[in-house]
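J.: Let me give you the structure first, and then I'll get to my questions.
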Amino acid sequence: KKQNTLEMFMASSCRKLTPSTFKSDVWAHFAFLSKSGTQEVDKSKVVCKLCQRELKYCSNTTNLRNHLTRYHADALQKAQPVDSKQTQIDKSFISKLPSSSARAQKITKSVAVFICKDLRPYSVVENKGFKNMLKILEPRYAIPTRKYMTEVAVPSLYTEVKTDVLESLKSAERVALTCDGWTSRATDPYVTITSHFISDEWELVSNVLQTRPLHGSHTGSNIANLLTEAINEWGITGKVPAVVTDNAANMLAAVGLTDLLHVGCFAHVLNLASQAALKTPAVTRLLGRVRRISAFFHRSTLACHALKKNQKLLDLPQHKLLTDVSTRWNSALDMLERFLEQQPAVSAALLAPEVRKQEKDLCSLTEADITAAEDIAQALKSLKKATLVMSQESTPSLSVIAPLKERLLEDMQPSSSINIYITFLYLGLKDELSIAAALDPRFKALLFLSDDDEREEQQSGLMDEDREAIEQQGEPVDDPSGPSPKKARDSCALADLFGSAYTTPVAVSRTTDTKALDEVVRYKEVQPLPLSTNPLNWWREHEGEYPLLSCQAKRYLCIPGSSVPAERIFSTAGDIVTAQRSALKPEHVDQLLFLNKNLHEEDRLKAAAMKETKRIKIRS
């Protein structure tokens, strides 16, 4: 009743409510009163429609909004704008960033980096979630189109990073290459080439140079053409000491046509040797029995329950049995190791009556089988560790091949397939592998060689390498017979009186052989480094003491012992050329793989900052 009375009062006293020019949402709850007896509106005061309180009006709504906040908070929350034009006006004040502005270009570049490093499709810029995220982070930023990212942003980033890689290769003394071929999900053949060199700071730098389609047949001639074009394009002609590939016939022929040293991938050799060993009849029969037991426990819930029960009783890890995969030889090792770990629980579970009812013909392994499984696992374990060592990219690996090969052969029977593979594939590289090991402070003692004569022969090989280094540097080579005494052209009275007693001795310059021998002898006396250390750190500290040997160290230690760096591109390429993106053009595949492996934005920003700091210091 009271509310009706207030409404009647408002209707009789308010001649004009909210003027049409007032758009604020607070005017839904306030109105002006007309002066008594006239039609004129009194704009010095307003009346609240909710409580009929008069408020002073000062040409703004601050006082009115404060009143609603204090006394009518619920009404203020439910209030709706009188007109949506106010919202549009507010939005109009948010001006878009020009695409040429520094901030817009920085954001666009970060989006391109995100696409390349996280292997996202170009169409990610069209996704609703991605658009919403950028809208919240920077409402003024206009997201580029998919076409712009494909044709402008990513190619521009590729050109920028390629310039940096070219500069780094230009300063390198020696650049080793790895090369390998692969086929995409769209059945397009590609060849990937990677580079490896040691920087001035004695750090091993690896880059993906290019991934190009291989048109036509996969002959050694076609691959050799790709190698030659890559060497010319990246400006490393005359700097390549060796090319590392797998042991396929077309790769061997390709490197031979380029007149470069070929180094077979040692990890590939280990893989071939392991697969050959697993195909021997005795090993195949044993793996089949273990595989059958593992498969039974995977499909039988009763057997699985019995296994878990026995694991608890025998205090064994709660692990499931594993089954090998035919394409991965190390999965056979994982299967054997897991079976040997759980063998007591497996045997107990297979003896349970309820389990025997399900599979009567299934028996556990005999003592002889378990012993054979342990021997096989031990041999495969050594090969797996060797593969992990050869797959490292941060430390030299060519120098590891010779000592590692001899160490593996010690544990293998001479007639085994593993022994045959490892022994005969590196006969033509014996000298190169021994010199690389001698230049590695961890293996400099050459303990893997059979006798002292071989060690002395390799030391002589180091001297020959040093002599070549001196000749390449253009230094004068003195006559080994020694310098002739220098005759004074002008005579004087003192010289006639004292003769040769006070003659200034002439500095005798050392011959090439003397310099090389001196360095080799001093280097030979140094204690070998622990195997856990990085040999490049040692060379960084002692480069000045051994200028000739350090030059050879950069030449040999930059060569990878395996083509794993190129093969790792295959898995990355599988994440790029997916079933949904199988129509990617070859140039886009090349750019994405190149940027994914070579784009180190933090390092680039840090290097740019250091360069700018150095420039400022020089200017000051």
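The values are calculated or read from the model by the stated rules, or taken from the named source; none is laboratory data. Worth saying up front: this structure is predicted, and the values here are computed from it rather than measured. Here Cβ is always computed from backbone atoms with ideal geometry, including for glycine, and neighbour counts include all displayed protein chains. Just the protein is used for accessible areas: all its heavy atoms, side chains included, with ligands, DNA and RNA removed. Shrake-Rupley method; radii C 1.70, N 1.55, O 1.52, S 1.80 Å.
J.: Run the numbers for His215 and Ala282: contour at 0.36 nm per residue of separation, minus the present Cα-Cα distance, in nm.
T.: 19.8 nm
J.: To the nearest 0.05, what FRET efficiency results for Glu341 and Arg140 with a Förster distance of 51 Å applied to their C-beta separation?
T.: Computed FRET efficiency for Glu341 and Arg140 comes out at 0.30.
J.: Separate question: Can you pull the accessible area of Ser59 for me, 1.4 Å probe, Å² to the nearest 10?
T.: About 100 Å², ignoring ligands and nucleic acids.
J.: Here is a follow-up. Return one whole number: the accessible area per residue of region 271-391 in Å², for a 1.4 Å probe.
T.: Accessible area per residue, region 271-391: 55 Å².
J.: Counting only the backbone N, which residues of region 120-146 are under 15 Å from the spot 7 Å out from the Cα of Ser95 toward its beta-carbon?
T.: 140-142
J.: Here's something else I'd like to know. Okay, which of region 307-332 sit inside 18 Å, backbone N to the point 7 Å along the Cα-Cβ direction of Gln275?
T.: Hits in region 307-332 for Gln275 at 18 Å: 324-332.
J.: What FRET efficiency do you get for Leu351 and Leu388 if R0 is 30 Å and r is their Cβ-Cβ distance, rounded to the nearest 0.05?
T.: E between Leu351 and Leu388, to the nearest 0.05, is 0.20.
J.: Related question: Alpha carbon centre of region 202-246 versus region 104-152: separation in Å?
T.: Going from one Cα centre to the other spans 33 Å.
J.: How much length is gained if the chain between Thr228 and Arg185 is pulled fully straight, taking 0.36 nm per residue apart and subtracting their Cα-Cα distance, in nm to one decimal? Working shown, then result.
T.: Details: separation 43, 0.36 × 43 = 15.48 nm, distance 2.71 nm.
Extra length from Thr228 to Arg185 when fully extended: 12.8 nm.
J.: Give, rounded to the nearest 20 debye, the magnitude of the charge dipole that region 271-391 has about its Cα centre when Lys and Arg contribute +1 at Cβ and Asp and Glu contribute -1 at Cβ.
T.: Around 360 debye, computed over region 271-391.
J.: Take each of the peptides 435-448, 329-342, average the number of other beta-carbon atoms within 10 Å over its residues, and list them starting from the highest.
T.: In decreasing order of mean packing, 435-448, 329-342 become 435-448, 329-342.
J.: Pop a pseudo-label 7 angstrom from the Cα along the beta-carbon direction at both Leu261 and Lys147 and give the gap in nm to one decimal.
T.: 5.2
J.: To continue, here is another question. Counting other C-beta atoms within 10 Å, and keeping those with at most 16, which DSSP coil GluC sites (Glu not before Pro) do you find in region 173-264?
T.: Taking region 173-264 and a limit of 16 other Cβ atoms within 10 Å, the loop GluC sites (Glu not before Pro) found are Glu173, Glu201, Glu203.
J.: Taking the Cα-to-Cβ direction at Lys109 and at Arg70 and moving 7 Å from each Cα, how far apart do the two end points lie in nm?
T.: 5.4
J.: While we're here: From Cα pairs below 8 angstrom and at least 6 apart in sequence, can you work out the relative contact order of region 276-431, rounded to a whole percent? The partial results should precede the final answer.
T.: Details: 113 pairs, mean separation 33.2, N = 156.
With pairs under 8 Å counted, the relative contact order is 21 percent.
J.: Moving on to the next point. In terms of modelled amide H atoms, which long-range or inter-chain residues lie less than 5 Å from the amide H of Asp180?
T.: Thr192
J.: Want the number for Asn132 to Ala102: 0.36 nm per residue separation, take away the alpha-carbon distance, what's left?
T.: Result: 8.6 nm gained on full extension.
J.: How big is the charge dipole of region 185-245 about its Cα centre, in debye rounded to the nearest 20, if each Lys and Arg gets +1 on its Cβ and each Asp and Glu gets -1 on its Cβ?
T.: Details: 3 positive and 6 negative charges, 60 e Å.
It works out to roughly 280 debye.
J.: A further question on this structure: Can you list which of the trypsin sites (Lys or Arg not before Pro) found in region 163-243 are DSSP loop residues with at most 16 other C-beta atoms within 10 Å?
T.: Arg185
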